[in-house]
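Engineer: Once you've had a glance at the structure underneath, I'll fire off some questions.
The values are calculated or read from the model by the stated rules, or taken from the named source; none is laboratory data. Keep in mind that what you see is a predicted model, and the values were worked out from it rather than measured. Methodologically, a virtual Cβ is constructed for each residue, glycine included, from the backbone with ideal geometry; neighbour enumeration extends over all protein chains shown. Side chains are part of the model used for accessible areas, which takes the heavy atoms of the whole protein and leaves out ligands, DNA and RNA. Shrake-Rupley method; radii C 1.70, N 1.55, O 1.52, S 1.80 Å.
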Amino acid sequence: MTDNRSPAKPRRGRTLRNGRLALASLAAVAALVITACSSGATSGSSSSGGSSANSTVKVALILKTFSNPYFVWMEKAAKTDATKRGVQLTVSAGTTDGDTATQISAVDNAIAAGDAGIVITPNGNAVNAALEKARTAGLYTIALDTAPIPASTVNLTYATDNTQAGRLDGQWAAAKLAGKSADIAMLDLFNNQVVSVDVDRDHGFLEGMGIPVGSPGINGKEPASGHYTGGKGGSYKIACQLPTQGAIPGGKSAMQTCLQKDPQINLVYAINEPAAEGAAQALAAVHSKALVVAIDGGCANLPYVANGSIAATAGQYPGTMAADGVNAIYNLVTKHVHPAVSPGLGFFNTGTKLYTNDPQPGVPSMTVAAAKKLCWG
């Protein structure tokens, strides 16, 4: 939905009845105009404190971490777009995935600095109150990749359809199994907080496999065993479901724990490529041929897809998200152009494609060679 709210306007004066009252009223209106030009607008407005069409547009980019290449690429793309447009960009990040305290401080800093807007990949819903405070102060807020819960906490989200990304993985895996039993390891992001990207990707994978998600708002509520309906269909069981923090060490440790519990695992869903790479290391150590599917689409991950240690990955475009976010705030402030969601969605969809060298019937995908033209990093 497009946010069409406009900056607060001074109230019209009442009908003037004498010269003295007219003079006083004109002075009051002049004071209001001066105040409106020098201060921030109301929540969700098209201009904010410290930025206008005739001054530098100031934007805060707040990432999850500086350690994940996905977010490093966001930073690079945002800086490139900001330089091109003359935007003053301040960049910060949490110390780890899930660090909401550092992100809250960064939001407060953006408010204090009089920034026009905030572009953020939220580390969790604990940041929501700070983002709502920013909107009240007149900053335009945009989430990247991870929509807050509820999504209306920010003005707009730029993201891949994370459910569709997971669904592509699940559809590919079900087709590849060709009716064989699925012994599944689910390597999620967290197990101590609910984050939309974690739930959407996890549930998308289950939907692609043809497994009921159990509860729409949280992971781990699907039936532990049953029959999957994707591909030719077959029996399945969820052998384990563990957090990875979206990092290589977390993916490796979680996979090792899963293999200790069930050495027969033959399918691994991973929240992202770092977690998948960690899982692939653990699987290689025990000579397991389990299929690993992931999400992200980084160029550095393509060799894993090429050699089959990661069978398929749903490519996303973090640089596009970040550049679009910065550009949206710039256009809002300088041209009063309001960004909008994609038709039929509650966010702006930046797209996803499945990368694999083992294409399956009925599942759209592209090879590693073709993906090299689209990958990031």
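Engineer: Rounded to whole Å, give me the distance from the Cα center of the range 86-141 to that of the range 292-344.
Structural biologist: Cα centres, the range 86-141 to the range 292-344: 20 Å.
Engineer: Rounded, prolate or oblate: which one fits the range 175-291, using the alpha carbon gyration tensor with axes a ≥ b ≥ c (rounded when a/c is under 1.5, else prolate when a/b beats b/c, else oblate)?
Structural biologist: Oblate, because a/c is 1.5 or more while a/b does not exceed b/c.
Engineer: How many lysine pairs in the range 116-247, separated by 8 or more positions in sequence or lying on different chains, have Cα atoms less than 27 Å apart?
Structural biologist: Summing the qualifying lysine pairs gives 8.
Engineer: Quick one, could you list the DSSP H helices from the chain stretching 30 Å or more along their long axis (Cα atoms) with average Kyte-Doolittle hydropathy of 0.0 or above?
Structural biologist: none
Engineer: Given the Cα-Cα distance of residue 126 and residue 337 and 0.36 nm per residue of separation, how much length would full extension add, in nm?
Structural biologist: Extra length available between residue 126 and residue 337 comes to 72.9 nm.
Engineer: Hey, can you grab everything whose amide H is under 5 Å from the amide H of residue 140? Only 5+ residues off in sequence or another chain; H modelled, so Pro and N-termini drop out.
Structural biologist: 117, 118
Engineer: Points 7 angstrom from Cα along the Cβ direction at residue 90 and residue 358: gap in nanometres?
Structural biologist: Label-label distance for residue 90 and residue 358, simple model: 4.9 nm.
Engineer: Here is a follow-up. Would you kindly state how much longer the chain becomes between residue 112 and residue 218 on full extension, computed as 0.36 nm times their sequence separation minus their alpha carbon distance, in nm to one decimal?
Structural biologist: Separation in residues times 0.36 nm, less the Cα-Cα distance, equals 34.6 nm.
Engineer: Checking the a/c ratio against 1.5 first, then a/b against b/c, what shape does the Cα gyration tensor give for the range 292-377?
Structural biologist: Note, shape of the range 292-377 comes out prolate.
Engineer: Give me the percent of accessible area attributable to carbon and sulfur for the chain, probe 1.4 angstrom.
Structural biologist: Carbon and sulfur: 56 percent of the exposed surface of the chain.
Engineer: With θ set to phi - 60°, apply the Karplus curve 6.51 cos²θ - 1.76 cosθ + 1.60 along the range 362-377 and write out the HN-Hα couplings as whole Hz, x wherever there is a Gly or Pro.
Structural biologist: x, 10, x, 7, 9, 6, 4, 4, 5, 5, 4, 7, 10, 5, 10, x
Engineer: Out of residues 5 or more away from residue 267 or on other chains, whose amide H comes under 5 Å of its own, with H placed 1.01 Å from N in the peptide plane?
Structural biologist: 183, 185, 291
Engineer: Please work out the FRET efficiency for the pair residue 194 and residue 262, using the Cβ-Cβ distance as r and a Förster radius of 22 Å; give the result to the nearest 0.05.
Structural biologist: Once rounded, the FRET efficiency stands at 0.25.
Engineer: Report, for the chain, the % of DSSP beta bridges that are antiparallel, rounded to 5.
Structural biologist: Around 15 percent of the beta bridges assigned by DSSP in the chain are antiparallel ones.
Engineer: Enter the Cα centre distance for the pair the range 272-289 and the range 197-233, rounded to the nearest angstrom.
Structural biologist: 22 Å
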